[in-house]
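Since the structure comes first, as structure tokens, the remarks are kept for the end.
The values are calculated or read from the model by the stated rules, or taken from the named source; none is laboratory data. On a predicted model such as this, the values are computed, not experimentally measured, just so you know. Glycine gets a Cβ as well: all are built from the backbone with ideal geometry, and neighbour counts include every protein chain shown.
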Amino acid sequence: MGYLLKHMENRAKLLLDIGVIALGFFGTVFVISAEWYYVYLKSLNQFLYFTFGVVLFYAISSISYGFWARIRWLLYLFSLGFLFLPILFHGGRWIHIGSISIQPYEFAKIAIVLFLASLLSERNNNKDSWRSIILTLLSLSFPIAILIMQPHFGACVILVCTAGVMLFLAGVKLRHLLITSLIALLVLGLLLPLKGYRIRRLHSAYGGNELAEGYQKRQALIAIGSGGPIGKGPIGSVMKFGYLPEAHSDFLFAIAAEESGLFFTFLFFFCPFILLLLSGFSISFSSPNPLASLIAGGLTSIIAIQALLNLSMVSVKFVPVIGIPLPFFAHGGSSLISSFIATGIIRNIALQKEAMTYQEKKSQ
């Protein structure tokens, strides 16, 4: 893997562009296909989100990643306030402004990754592992407390896992990281009983009533299985007509698999997603300094972890439903636009690396 990432270095930006645009486009097409029956022309708003996201992707990539590090405290405090707004007004995870709904977590997670990257890049983490771990846990404790209040347990899992990857990339001693990971998993496990529906979802994944809490998972598995090798075609899905709840949102992958089948799902989703991940980590490993490396690695990791959890939730029977959208493949603007912002920051790191390489060659 290291060999592959190293030799992708010169093409990482191009591959990132291809992966991001392809994911955004195909995700938008599948969202419209999944919800057209219910909202008709209103579903074309998803194309507006996609267009705005692409513009934002290239606009954000023109802003130096160092700028985000300089305003890290402002971003971090703003993200905490933004996360708390839904609780302050009406509870839940969303802010509703007229017909527009915004999920603060999707944007706050980027600010949190940028803050952690700045924090971890300022110290020698190999010699001071516990200090780095404690500062990271303290930084995460405030957003996680707010997310538990919303409640959004899945987001807590994503942030903790991403922080673990960033600590590893920062050079924290592996034995210290393993001890911390076990403690974090224990704490997250103790938080499960705080909401009864979490236990019911867990029970449904391990032999519970498939017509009650397990109904959504059962219908998703039927949709994926019925797609076969080549799918039913772009308008051929049966499950999207009310048989699969949240078909256009958290469970969009099931509809994509039903309509596209195994072959085209690999072509439309997995191929561009693999390009995104490989280019993102290649940019991280070839970055000119620890800050750039941690930002690229952290943002790539949070996209990868969220995708892994969603795909597991939708397609693996023994993984409970946790309400996490698939990056680039979900209804609405919050998840899609935040994914474009995150990858735009990664793209800027690649651009700056290219500029440095050009200057070095020019000076020789």
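Assuming L138 fulfils every condition listed in (1) in a helix (DSSP H, G or I); (2) at pLDDT below 85 apart from one, which condition is it?
Unmet condition: (2).
For the condition in a helix (DSSP H, G or I), under 29 Å from A247 (Cα atoms) and modelled with pLDDT of 85 or more, what is the one hit in F67, F47? Full working, then the answer.
Working: F67 fails: under 29 Å from A247 (Cα atoms).
Selected residue: F47, the only one of F67, F47 that is in a helix (DSSP H, G or I), under 29 Å from A247 (Cα atoms) and modelled with pLDDT of 85 or more.
Scanning segment 85-116 for residues that are more than 23 Å from H331 (Cα to Cα) and modelled with pLDDT under 95, which turns out surrounded by the fewest Cβ atoms within 10 Å (Cβ to Cβ)? Spell out the reasoning first.
Taking segment 85-116 first, the residues more than 23 Å from H331 (Cα to Cα) are 88-89, 112-116.
Checking which are modelled with pLDDT under 95 leaves us with 88-89.
Working: L88: 9, F89: 11.
For segment 85-116, the residue satisfying everything is L88.
Residue by residue through segment 139-179, note down the ones that are under 20 Å from L291 (Cα atoms) and either in contact (Cβ under 8 Å) with a residue 60 or more places away in the chain or touching a Pro at 6+ places or on another chain (Cβ under 9 Å) (or both).
Result: S139, L159, C161, T162, V165, M166, L169, A170, G171.
From the residues in segment 268-298 that are of a type in the set (A, V, I, L, M) and within 30 Å of G233 (Cβ to Cβ), which one is surrounded by the most Cβ atoms within 10 Å (Cβ to Cβ)? It would help to see each step written out before you state the result.
Initially, segment 268-298 is screened for residues of a type in the set (A, V, I, L, M), giving 274-278, 283, 291-292, 294-296.
Checking which are within 30 Å of G233 (Cβ to Cβ) leaves us with 274-277.
Values: I274: 13, L275: 21, L276: 27, L277: 17.
Result: L276.
Can you tell me which residue within segment 311-331, out of those that are touching a helix residue (DSSP H, G or I) at 6+ places or on another chain (Cβ under 7 Å) and assigned to a helix (DSSP H, G or I), is farthest from N45 (Cα to Cα)?
My answer is S315.
Could you please find all residues in segment 308-337 being under 28 Å from G171 (Cβ atoms) and either without any contact (Cβ under 8 Å) to a residue 12 or more places away in the chain or surrounded by 24 or more Cβ atoms within 10 Å (Cβ to Cβ) (or both)?
Here is the first cut: in segment 308-337, the residues under 28 Å from G171 (Cβ atoms) are 308-309, 327.
Listed by number, the residues that qualify are L308, P327.
Please work out if F241 is touching a helix residue (DSSP H, G or I) at 6+ places or on another chain (Cβ under 8 Å), closer than 19 Å to G154 by Cβ, among the aromatic types (F, W, Y) and in a loop (DSSP other than H, G, I, E, B).
Details: touching a helix residue (DSSP H, G or I) at 6+ places or on another chain (Cβ under 8 Å): yes; closer than 19 Å to G154 by Cβ: no; among the aromatic types (F, W, Y): yes; in a loop (DSSP other than H, G, I, E, B): yes.
For F241, the condition - touching a helix residue (DSSP H, G or I) at 6+ places or on another chain (Cβ under 8 Å), closer than 19 Å to G154 by Cβ, among the aromatic types (F, W, Y) and in a loop (DSSP other than H, G, I, E, B) - is not met.
In the list G189, G207, G171, which residue meets the criterion of being in a loop (DSSP other than H, G, I, E, B), at pLDDT 60 or above and more than 21 Å from the chain's Cα centre (by Cα)? Reasoning before the result, please.
Numbers: G189 fails: in a loop (DSSP other than H, G, I, E, B); G207 fails: at pLDDT 60 or above.
On inspection, the qualifying residue turns out to be G171.
Among the residues in segment 216-231, are any of a type in the set (A, V, I, L, M), more than 30 Å from F264 (Cα to Cα), buried (at least 16 other Cβ atoms within 10 Å of the Cβ) and at pLDDT 85 or above? Lay out the reasoning, then the answer.
Here is the first cut: in segment 216-231, the ones of a type in the set (A, V, I, L, M) are 220-224, 230.
Add one more test, that the residue is more than 30 Å from F264 (Cα to Cα), and what stays is none.
No, segment 216-231 contains no residue that is of a type in the set (A, V, I, L, M), more than 30 Å from F264 (Cα to Cα), buried (at least 16 other Cβ atoms within 10 Å of the Cβ) and at pLDDT 85 or above.
Taking R93 as meeting all but one of (1) more than 27 Å from N310 (Cα to Cα); (2) touching a helix residue (DSSP H, G or I) at 6+ places or on another chain (Cβ under 8 Å); (3) of a type in the set (K, R), write down the number of the exception.
So R93 meets the others, but not (1).
Of all residues in segment 244-267, how many are among the aromatic types (F, W, Y), outside any loop (DSSP other than H, G, I, E, B) and crowded, with 22+ Cβ neighbours inside 10 Å? Steps first, please.
Residues of segment 244-267 that are among the aromatic types (F, W, Y), as a first pass: 251, 253, 263-264, 266.
Still in the list and also outside any loop (DSSP other than H, G, I, E, B): 253, 263-264, 266.
From what's left, crowded, with 22+ Cβ neighbours inside 10 Å: 253.
Summing the residues that are among the aromatic types (F, W, Y), outside any loop (DSSP other than H, G, I, E, B) and crowded, with 22+ Cβ neighbours inside 10 Å in segment 244-267 gives 1.
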